[in-house]
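Peer 1: One structure, pasted below without further comment.
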Amino acid sequence: MDTTPGLQSVIDSPGVFRGIAEVVDNDIIDITDNPSTSGFLKQKKGTSRPRIMPGTNDLVRHNHTWIRHCVESRSLDEPVSFEYILWFDEDERTFSATVRYLCVSVCGYPRFAYVITDITDRKRLEHQFALTRKKLDLMNIVAWHEIQNKINGIRGYVDLSKDLISDKKGMAFIEAEERLLKQIHDLLQYTTEYQKIGTLPRQWMNVEDAVRRVLSRSGGDLFRIGLDLDHLEIFCDPTLDKMFALLIEYTLKNQSTDPEVRITCTEVPDGLHLVYEDNSAGLPHNRKEDLFTREVVRAQDYCIAFVHDILECSRMSIRETGEPGRSARFEILVPHGLFRFTGVA
């Protein structure tokens, strides 16, 4: 078969197996002079009927699979991709194939282009990753429940100890233990929620509704809040509610008297700035730069690192731009295509 130099360079490219074939009766016949593909298919040069499928005990079934997808490509007039498994010398290999109907040959046989890629290594890695993920999830669940049960047990003993302690110093120790237990409990809750990031498909979420849901659960009477969002919706991970809950939690931890929050949005050349600002003391300049990037996150900053990862999963970014001593200001950049204004109250 004659081919143009451009087509021949594509056909002879290493790493994948490309060519042109015809459906002849119940067989798939390769008509391309392609040494790479011929070697892969274990064909000898000059073979009168070079099959696209190598020698296999299940040739009929594999040919049927190929022919079925070739017919589908002809019917749809577009490429069709599929996967199949072959055995070579007791080694199972997985291949990905794409076929594209071209025309009917002068002999009346349907002709199509094909690309075959060996994806065995990728499939094995995917399987190993899924198995490792399953093991880690199981270990995390077991460890989480065991630690939680131990904490509840210690809390019970702490409550009983209060009845046995009468002096102020001893009671101060008990109260310190309670605070530490609560911090450990909160960290366990964070890790449980953290595992949910990215497990569900992204969806359009109304930002104001998400904030209102957080307020209904956390008690909106603890602080004042102002919203100027113009019915904003963003396409994001469904854990958006948790993100705002963490930001509000951060505010309440850092502003004990008359806390106030304001959430606004402004379109910018790069997309949209969604701004969360409070009236807390803010962050010193030496903590701003590595707040979201440090490898080891301090316990008190865990919720902010959590916020960063929720946004990163949704292709958004966050930075702290507040003035130290006056406010904390978290500026979220939402890229174009991930936000919209519904205009519905």
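Peer 1: Provide the per-residue ³J(HN,Hα) series for the stretch 143-155, in order, calculated from phi with Karplus coefficients 6.51, -1.76, 1.60 and θ = phi - 60°, each as a whole number of Hz, with x at glycine and proline positions.
Peer 2: Values, residue by residue: 4, 4, 5, 5, 5, 4, 5, 5, 4, 4, x, 5, 4 Hz.
Peer 1: Taking a 27 Å limit on the Cα-Cα distance, which of the listed pairs 162/196; 123/196; 135/253; 123/242 fall beyond it?
Peer 2: Those over the limit are 162/196; 135/253; 123/242.
Peer 1: What are the ³J(HN,Hα) values, in whole Hz, obtained from phi via the Karplus relation 6.51 cos²θ - 1.76 cosθ + 1.60 with θ = phi - 60°, for each residue of the stretch 226-243 in sequence order, with x given for Gly and Pro?
Peer 2: In residue order, the calculated couplings are x, 10, 9, 10, 6, 6, 6, 10, 10, 8, 8, 5, x, 7, 4, 4, 5, 4 Hz.
Peer 1: Between the stretch 247-279 and the stretch 115-131, how far is it from one alpha carbon centroid to the other, in angstrom?
Peer 2: When both Cα centres are located, 44 Å separates them.
Peer 1: What are the ³J(HN,Hα) values, in whole Hz, obtained from phi via the Karplus relation 6.51 cos²θ - 1.76 cosθ + 1.60 with θ = phi - 60°, for each residue of the stretch 309-325 in sequence order, with x given for Gly and Pro?
Peer 2: 6, 4, 5, 4, 4, 9, 6, 10, 10, 9, 8, 9, 10, x, 8, x, x
Where a number appears in this text, it was derived from the coordinates with a stated rule and is not lab data. All values reported here derive from a predicted model rather than from experimental measurement.
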